[in-house]
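Readers should treat all values here as calculations from the given coordinates under stated rules, not as data from a laboratory. Quantities reported herein were computed from a predicted structural model and do not represent experimental measurements. We place every Cβ from the backbone using ideal geometry, glycine too, and count neighbours over all the protein chains shown.
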Amino acid sequence: MEFSDAHIVAYLKGDLPSEALRECDALMHSSPEFKRRADQIRYIYNLTGELDKQKQIDAASAWRVVSRRISRVSFRHKIWDIARTAAAVLLPLLLIHQYIIKPMQDAAPESMITIASAPGVVTKASLPDGSQVWLNAQSTLTYPQRFSKNKRTVRLTGEAYFKVAADKKHRFDVVTPGDMTVSAFGTEFNVAAYPDAPDYQVTLAQGNVDVMPGNAGGNRTLQEGQKAVLTLSSGEMDVRQTDTYVDTAWKDGKMVFRRERLENIALKLSRKFGVVIRLEGEELKGYEYTATFTDETLEDILDLLKRSAPISYTVSKQKQLDNNTFTQREVTIRQSK
Amino acid sequence: MKDNTLLDDWFRKIAFNDDQEAFKALFFEFYPSLCVFAERYISSPEMCEDIVQDTFFQIWNNRKKIEVASSFRNLLITSVKNNCTDYLRKQSIRQRYLDKQPGEDYSDSPEEIYTVRELESLLQAALQKLPENSRRAFELSRFGQLTYQQIATEMSVSPKTVEAYISKALGLLREDLKDYLPMLILLYPGFFQ
């Protein structure tokens with residue numbers, strides 16, 4: 001039987017009836033010519049089959065998948081490159097700062113800042129470590145522009161209320177004239193150290209502080225509600241209970257007196273109002289008053305004092321001096337007859 | 001038939017200039033043929049596509065350190081083949097009971113692929129020379145996947161005539177492609193659809 005090419009296709013597909021199939025099988029072995037034809041047809045079928053198959057593959061959507069993956073990776077690379085470049089630039093700067101500039105700064109003499117309060121004014125300031133200070137009238141506070149590595153030290157003349165930012169590693173020291181030192185890590189306390197007062201007082205509002213009375217030695221640790229009083233004439237320090245409100249009300253603009261001697265009241269009034277107060281007579285100094293003043297004028301206060309005790313007062317006019325400045329007003333308080 | 005200078009040019013642009021356009025061109029040219037090639041090893045067409053996509057992704061990532069032993073064409077083929085065998089190894093660890101590896105039939109066949117463009121240029125010229133009826137019948141049979149009966153209806157002739165058309169087409173194609181055939185027959189020894 002003669003086979004057409006279409007028959008050979010059917011043979012290769014296995015579609016021929018079994019009789020013809022056997023005949024073809026035999027021909028594959030016996031006739032090289034038949035085998036060659038079958039191979040050629042098979043190849044043409046394979047070629048067209050392959051082409052058909054490839055054409056059905058959706059390269060475009062596969063490309064979208066691959067290109068998304070690539071751009072994700074290259075985005076990560078870009079971020080990484082930026083980070084590496086940034087590190088390459090910043091690391092030397094950091095090292096220069098850490099090992100050259102900072103030691104230079106540390107070695108350089110500290111530049112100090114001094115703030116002062118005028119009579120009758122309470123000044124509030126923030127220190128470089130974030131601590132807050134209320135500086136009472138006629139007081140000065142000196143502190144470095146940057147605190148040194150180990151310690152925070154400020155110098156105070158006069159009265160100030162400290163709200164110290166907590167920092168367990170760096171002690172906060174307030175040094176007064178005469179080298180009394182108040183030392184804390186983070187608390188609130190009031191230091192009154194006017195050189196013209198008979199004593200220095202440290203009042204603890206919160207936490208705890210150590211008070212070192214200068215050359216005399218004998219450190220004391222204060223508990224809440226206690227105050228240390230350092231008598232300047234004797235150099236002795238004792239600790240007593242106190243009403244912290246009385247000692248710290250000034251920072252809120254109040255003057256609070258509880259059985260306070262007129263002598264001390266006169267000192268506080270002179271600072272608050274920038275006047276000189278003269279007390280005539282020793283007995284007068286011992287008069288005790290209890291009062292709270294907020295925004296009264298000096299005259300209001302003097303009138304109130306006059307009303308509750310047998311005293312009288314005179315106020316002198318300001319005098320102009322040659323250099324165009326004025327003297328302070330003088331208040332004289334005397335016992336009335 | 002094979003345009004290896006174009007391929008060299010693409011690879012040069014990809015490796016030295018990070019040229020994504022060249023990479024895209026490479027992808028579109030070789031993706032379909034590599035997917036069909038992968039089917040020699042792995043039966044699932046979806047898995048084949050995944051593996052070829054992975055291969056292209058790896059080629060892009062490693063573009064700076066690619067070492068070409070013989071040709072870029074072989075590199076593509078070898079990479080896909082390696083990924084396929086890697087996949088099969090991992091599969092066979094999971095499925096030890098499978099004693100027959102798919103793709104065994106191809107163990108002796110040369111590793112070669114033809115791109116769509118190459119296959120078309122090979123066939124198209126030969127197909128153009130066929131008489132109209134024979135070409136139509138052959139294309140419907142091979143690309144339309146129709147039976148002789150369906151083609152007969154389509155062309156309004158008898159199935160016998162269709163058979164004659166196809167025989168004629170095959171005869172002419174065999175004649176026309178005979179210079180390539182002895183070499184190419186070796187490529188797909190067990191592949192018949």
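Computed values, structure above
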item: At 0.692 mPa s and 37 °C, Stokes diffusion of the protein assembly as shown via Kirkwood alpha-carbon radius, µm² per second; result: 97 µm²/s
item: Set of lysines with alpha-carbon distance to A:Lys251 below 16 Å, sequence-local pairs under 8 removed; result: A:Lys124, A:Lys163, A:Lys268, A:Lys272
item: Local electrostatic count, A:Val133, Cβ distance below 14 Å [Lys/Arg +1, Asp/Glu -1]; result: +1
item: Region A:112-252: C-alpha gyration tensor shape, a/c 1.5 cut-off, then a/b vs b/c; result: rounded
item: Pairwise centroid distance, computed over Cα atoms, of region B:22-90 with region A:177-199, Å; result: 82 Å
item: Projected label distance in nm at A:Arg278 and A:Thr140, using a 7 Å step from Cα toward the beta-carbon; result: 2.8 nm
item: Unit Cα scatterers, Debye sum, region A:5-55: log10 I(q)/I(0) for q = 0.12, 0.21 Å⁻¹; result: -0.29, -0.73
item: Stretch gain in nm, segment A:Thr297-A:Leu232, where the contour uses 0.36 nm per residue and the Cα spacing is subtracted; result: 20.2 nm
item: Per-pair calculated FRET efficiency, R0 = 41 Å: A:Ala309 and A:Thr221 via Cβ, rounded to 0.05; result: 0.55
item: Average beta carbon contacts from partner chains per residue of A:56-66, 10 Å cutoff; result: 6
item: Peptides B:168-174, A:274-280 ordered by average Cβ neighbours within 10 Å, highest first; result: B:168-174, A:274-280
item: Modelled label reach - B:Ser70, point 7 Å along Cα→Cβ, region A:28-46 residues with backbone N closer than 14 Å; result: none
item: Amide H contacts under 5 Å for A:Ile113, placed H, 5+ residues apart; result: A:Tyr143, A:Gln145
item: Rounded FRET efficiency, nearest 0.05, which uses the C-beta distance separating A:Ala125 from A:Arg334 and R0 of 41 Å; result: 0.55
item: Prolate/oblate/rounded call for region A:263-337, Cα gyration tensor, a/c under 1.5 rounded; result: prolate
item: Cα-projected label distance for A:Glu23 with A:Phe326, points at 7 Å along beta-carbon direction, nm; result: 14.1 nm
item: Expected-Rg normalisation [2.2 N^0.38 Å, Cα atoms] applied to region B:110-179; result: 1.20
item: Ranking of B:Phe30, A:Phe3 by count of other Cβ atoms within 10 Å, fewest first; result: A:Phe3, B:Phe30
item: Relative contact order, percent, region B:4-106 [alpha-carbon distance under 8 Å, six or more residues apart]; result: 32 percent
item: Fluctuation leader among A:Leu90, A:Leu232, A:Leu284 - chain A, Gaussian network, Cα springs under 10 angstrom; result: A:Leu90
item: Charge-dipole axis of the protein assembly as shown as Lys and Arg at +1 and Asp and Glu at -1 on Cβ define it, positive-most pick from B:Met155, A:Ile82, A:Pro198; result: A:Pro198
item: Peptide ranges B:50-56, B:22-28, A:287-293, A:320-326 listed from the most packed, as the mean C-beta count within 10 angstrom indicates; result: B:50-56, B:22-28, A:287-293, A:320-326
item: FRET efficiency estimate (nearest 0.05) - Cβ-Cβ, B:Lys129 to A:Glu33, R0 22 angstrom; result: 0.40
item: DSSP-assigned coil residues among trypsin sites (Lys or Arg not before Pro) in region A:115-178, each with at most 16 further Cβ atoms within 10 Å; result: A:Arg146, A:Lys149, A:Lys168, A:Lys169
item: With 10 Å bins from 0: P(r) over region B:4-106, alpha-carbon pairs, percent; result: 14, 45, 28, 11, 2
item: Taking chain A and dividing mean pair separation by its residue count, relative contact order in percent (alpha carbons under 8 Å, at least six apart); result: 8 percent
item: Region A:1-143, relative contact order [Cα under 8 Å, separation at least 6], %; result: 12 percent
